[in-house]
């Protein structure tokens with residue numbers, strides 16, 4: 001029987017990189033670092049509960065930790081605005097030059113919940129059942145919502161493509 | 001649409017989304033920092049908890065500190081209420097077998113503050129309000145015999161005590177005179193001025209009735 005420590009030492013190193021990326025995609029670097037530590041802490045405390053495929057579960061933990069951090073960040077925002085002199089948080093990690101701006105814009109235009117499903121699917125590369133674990137919903141619901149979200153994104157991309165095919169008179173087109 | 005077509009479409013969509021992944025350029029974590037982070041995490045077990053673990057694992061010292069904090073808070077609370085003799089919850093003290101509510105004068109800044117027209121709404125917020133007659137006006141205190149309590153009390157007497165200067169200000173503001181009948185209100189143990197506490201008048205009494213009726 002492995003000890004708590006042995007189990008954590010076996011699992012945790014494999015969590016750091018994916019969770020770092022998960023957070024880098026969703027928040028600023030400073031918050032990401034804090035929430036990464038917080039997430040690992042929760043995993044350490046609940047190491048017995050970690051499933052053998054821990055990632056979806058751990059993404060779920062990171063999601064809640066991030067939400068907590070953002071909640072308290074909002075509380076501090078007004079104060080922070082007054083003390084705006086200190087270094088402003090950097091933008092979420094900038095993408096490579098060849099980043100697909102159209103799809104990024106289309107993603108940003110979706111409802112937050114839809115966009116998050118698509119991110120988990122494409123960026124974290126999770127299957128619907130795993131997405132369900134992260135979001136705390138049933139696999140069935142995850143599957144259906146993901147299907148709809150994909151449909152909405154594809155629809156928006158088609159519209160944008162059609163719009164760019166014409167004159168740039170359509171709304172929402174960037175130069 | 002066939003399943004194959006759908007799969008292809010999904011793959012294309014996923015590939016496009018992946019190209020928009022902001023973390024694709026994120027360099028891997030420094031292994032040394034990662035190792036240190038894990039070490040830090042594993043060394044924090046006994047001092048932290050979450051909803052799942054609840055209060056299990058809290059050291060006895062934590063409880064001791066918490067208990068001490070509760071005592072201090074309670075102590076401060078009791079001091080605030082009893083020590084200053086000014087809270088509406090202050091236990092009446094007996095003088096000559098008569099119960100007394102102790103009040104103090106408003107802070108000197110109250111006189112400088114702009115007054116709003118007394119309204120029932122504002123008056124209703126006062127924790128102490130009564131209709132009383134000044135029995136003594138001496139020894140750094142104004143004592144009133146209460147005819148009717150609108151709020152707070154009830155005690156037989158109300159004694160307003162304050163340092164000489166503050167009391168003079170108050171007596172001047174409310175025009176306390178021996179034997180006079182007054183409507184007096186107070187909040188946080190301090191008599192309110194600005195027209196809320198004044199010699200008895202039918203108009204003001206109506207306002208008191210409205211506020212506390």
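The values are calculated or read from the model by the stated rules, or taken from the named source; none is laboratory data. This is a predicted model, so every value here is computed, not measured. Methodologically, a virtual Cβ is constructed for each residue, glycine included, from the backbone with ideal geometry; neighbour enumeration extends over all protein chains shown.
Only residues that are free of Cβ contacts under 8 Å to residues at least 24 places away in the same chain and assigned to a helix (DSSP H, G or I) were counted in segment B:166-208, giving 5. What are the residues in segment A:119-164 that are part of a loop (DSSP other than H, G, I, E, B) and under 25 Å from residue A:102 (Cα atoms), if any? Residues satisfying the conditions are A:123, A:124, A:125, A:126, A:127. When segment B:1-39 is filtered for residues that are more than 7 Å from chain A (Cβ to nearest Cβ) and assigned to a loop (DSSP other than H, G, I, E, B), the ones remaining, listed by number, are B:1, B:2, B:27, B:30.
Suppose the filter is within 15 Å of the chain's Cα centre (by Cα) and in contact (Cβ under 8 Å) with a residue 40 or more places away in the chain; does residue A:67 pass it? Talk me through it step by step, then tell me what you get.
On the way: within 15 Å of the chain's Cα centre (by Cα): yes; in contact (Cβ under 8 Å) with a residue 40 or more places away in the chain: no.
No; evaluated as a whole, the condition is false for this residue.
I need a count of the residues in segment A:14-24 that are surrounded by fewer than 20 Cβ atoms within 10 Å (Cβ to Cβ) and at the interface with chain B (Cβ under 7 Å from one of its Cβ atoms).
The total comes to 1.
Screening A:70, A:53 for residues that are modelled with pLDDT of 80 or more, over 21 Å from residue B:40 (Cα atoms), surrounded by 12 or more Cβ atoms within 10 Å (Cβ to Cβ) and away from every other protein chain (no Cβ under 14 Å) leaves exactly one candidate, A:70. Within segment A:86-103, at least one residue is under 18 Å from the mean Cα position of the chain (by Cα), modelled with pLDDT under 95 and part of a helix (DSSP H, G or I).
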